[in-house]
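Working notes for the structure below.
The values are calculated or read from the model by the stated rules, or taken from the named source; none is laboratory data. Here the structure is a predicted model, which means the values were calculated and not measured. Ideal geometry is used to build each Cβ from the backbone, glycine not excepted, and the neighbour counts take in all protein chains shown.
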Amino acid sequence: MAACISSSQLPTAIRSATATLDLFINAICLRSRSRRSLRGHSTISNSGLPAATVVSSEEAPASDFLSRFSDILKNFRNESHEYIPEPGAKPLESDPFHYNLLMKAFSRAGNIDEVLRLFREMKESKCDPNVLCYTTVLDALLAANRPKEAEKVFDEMIDSGVTPDAASFTVLVKFYSFYLKKFDSANEVIRWMIRSGCDPDVVTYTTLIAGLCKAGLVEDAWDVVDQMLQGKCAPNAHSYTPFLQAYCAQGKIEAAIRLIESMRSIGCPPDVVAYNILVNGLCKHGYFDEVALLLQNSVSDGWEPDAVTYNTYISELCKVGKADIAYKQLNIMLGKKICPTIVTLNIVLDSICQESSVWEGNHHLETSLELGLDVDAVSYNTIMSRLCEIGRLSWVLKLFNDMVKKGINPNTETFNIVIHSLCKAGKLRKAKCIFTSKGFVADIVTCNILIHEFHMARKFGELHNLLSEIDMENIRPDLVTYNTIVDSLCRNRKFLEAIDFVRSADVGYQSQAVAHLSYWLIRHRKISELISLFNEMSEQGLVFDAQMFNHLIKAFCTFGSCQGREIYKICLVLDKMLEIG
DNA sequence: GTAGGGTTAG
């Protein structure tokens, strides 16, 4: 019998979990995220991809828009005029100032390897990094999701006798609050700053507020605002926007609207970023009419919608199948002389794939290239991910080749799409070859794809070897990881191991992971196991939320327990939940 | 050199 997996041991457990699963019952096909049908693709376009099909107006409400898409693209604003140095570039002068300029440029371009190369070079050439250089490297490491190395660099800065200033302390606050969620340590840094005569500024406090809000600790974040006001450090619009994010994420739209109003009254008027967060929140909860009203009143409310406002609105309209309204909004945006950006283009490309076909989307990608637009990795990823969904491996590889030839650097998402496509086609060995590709850095999505696909193929040994090649130090398991492993265990009827796995989560029971596990237990009529799990959760003080109730009732209905004698099982579980809730 | 918004992958 295989040993139990402790999720507190993850990510090591991700590897060991694979070894414990020795039996898999069925090779269940990957659930396609899409049921979109493709309409005819028998002819071949210049690119070698099937030509886009002509879509009738009855079939696609956006067809009139599509025919004019090329004209609209001419309004497109090419944004990437920022200086990106060539790899291996040398600073103009061998001093900290010029090294920092170059490191910052590489950091902006997301090239952490070049930042670290320069940092190493400057130390080797006895050009001692100053506090600005250290801050650049620290921030670049955090941006690259390498917090452990950032911590070492901070220690090195102190050991070298370089005195940290407010900016470098702020990066340390970000490290503790964003990456480790250790808010006591973040507060300790702030106390350290005060003790050493380097007062935290509005950026320091706002960083802490953003970390707390992101973790859902909104009340603690308000305490920080109080602390700022007591310490004569006035909050600004940046300080309040994390609260807007948190309220919107929690569905507390009214609280977000009230905060926007309060910001006006306390002399800290919300700017376009604050309104964009609200627009996003309203859209995500289906309040599209309210967004229309917000835009209508923008002038009298003292703000001007920008490309992000419309990108958000258009994207969310497309997601809920309101492409016709989305395209009208795009025309309104253009009418207001707001230039569409690369993000607009990518939203529209994705929408074309949904509303028409992936081939039509590809046709418009080609048109964009012909017009000389700066398409990016996301544009390619958008088309490639749809091709992956419909199992068109060869086309995925062709687009991957095309983008590389055009000098567009694939990102981790690109590699993940290619790996996923290869796995779906059963070419697991070729998927493994990706690991040696230049620029490939695996992330948690890579791990999740591998765990799922290799489990389905019952190739546990190979999966184990592959995962051991991944640098796990900066990869944290997420909800999908938990659910993927739970799926694999439950599919193999190892329910007790699945319960142990969820139970041992180092962050305590996660509501969504428990809901996912409950689905399997209900499906397999493991009601007594479910109730004992709830008992244990109740002892640990977990409270059930409405989402959990909805999820479980749905599971019972799906598996036919809502009729006949089995109804008592639902009553038993609901009683238990109400008792805990 | 440090803080808040929109697109793509599991």
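Numbers below:
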read-out: Extreme residue, surrounded by the fewest Cβ atoms within 10 Å (Cβ to Cβ), among residues of the range A:348-391 that are more than 24 Å from the chain's Cα centre (by Cα) and of a type in the set (S, T, N, Q); value: A:THR367
read-out: Every residue from the range A:361-387 that is over 18 Å from A:SER315 (Cα atoms) and either more than 14 Å from DNA strand B (Cβ to nearest atom) or in contact with a Lys or Arg (Cβ under 7 Å, 6 or more places away or on another chain) (or both); value: A:ASN362, A:HIS363, A:GLU366, A:THR367, A:LEU369, A:GLU370, A:LEU371, A:GLY372
read-out: Residues within the range A:333-351 that are near DNA strand B (Cβ under 6 Å from one of its atoms) and of a type in the set (D, E, K, R), tallied; value: 1
read-out: Filter result for A:VAL279 (within 21 Å of A:LEU330 (Cβ to Cβ), within 9 Å of DNA strand B (Cβ to nearest atom) and modelled with pLDDT of 95 or more); value: yes
read-out: Criterion (at pLDDT below 80, in a helix (DSSP H, G or I) and out of contact with any Asp or Glu (no Cβ under 6 Å at 6 or more places or on another chain)) met by exactly one of A:HIS516, A:HIS551; value: A:HIS551
read-out: Qualifying residue in the range A:194-216 (condition: buried (at least 21 other Cβ atoms within 10 Å of the Cβ) and within 30 Å of A:ALA89 (Cβ to Cβ)); value: no
read-out: Residues that are under 21 Å from A:ASN409 (Cβ atoms) and either in contact with a strand residue (DSSP E or B) (Cβ under 6 Å, 6 or more places away or on another chain) or of a type in the set (S, T, N, Q) (or both), drawn from the range A:320-378; value: A:THR341, A:ASN346, A:ASN362, A:SER368
read-out: Some residue of the range A:252-271 being in a loop (DSSP other than H, G, I, E, B), basic (Lys, Arg) and over 30 Å from A:ASN381 (Cα atoms); value: yes
read-out: Search result, residues across the range A:87-131 that are of a type in the set (Ser, Thr, Tyr) and either closer than 20 Å to A:ILE158 by Cβ or touching a helix residue (DSSP H, G or I) at 6+ places or on another chain (Cβ under 6 Å) (or both); value: A:TYR99, A:SER107
read-out: Scan of the range A:286-329 for residues that are without any contact (Cβ under 8 Å) to a residue 24 or more places away in the chain, charged (D, E, K, R) and either closer than 13 Å to A:ASN276 by Cβ or within 13 Å of DNA strand B (Cβ to nearest atom) (or both), ordered by number; value: A:LYS319
read-out: Flag if A:HIS455 is crowded, with 19+ Cβ neighbours inside 10 Å and closer than 21 Å to A:ASP500 by Cβ; value: yes
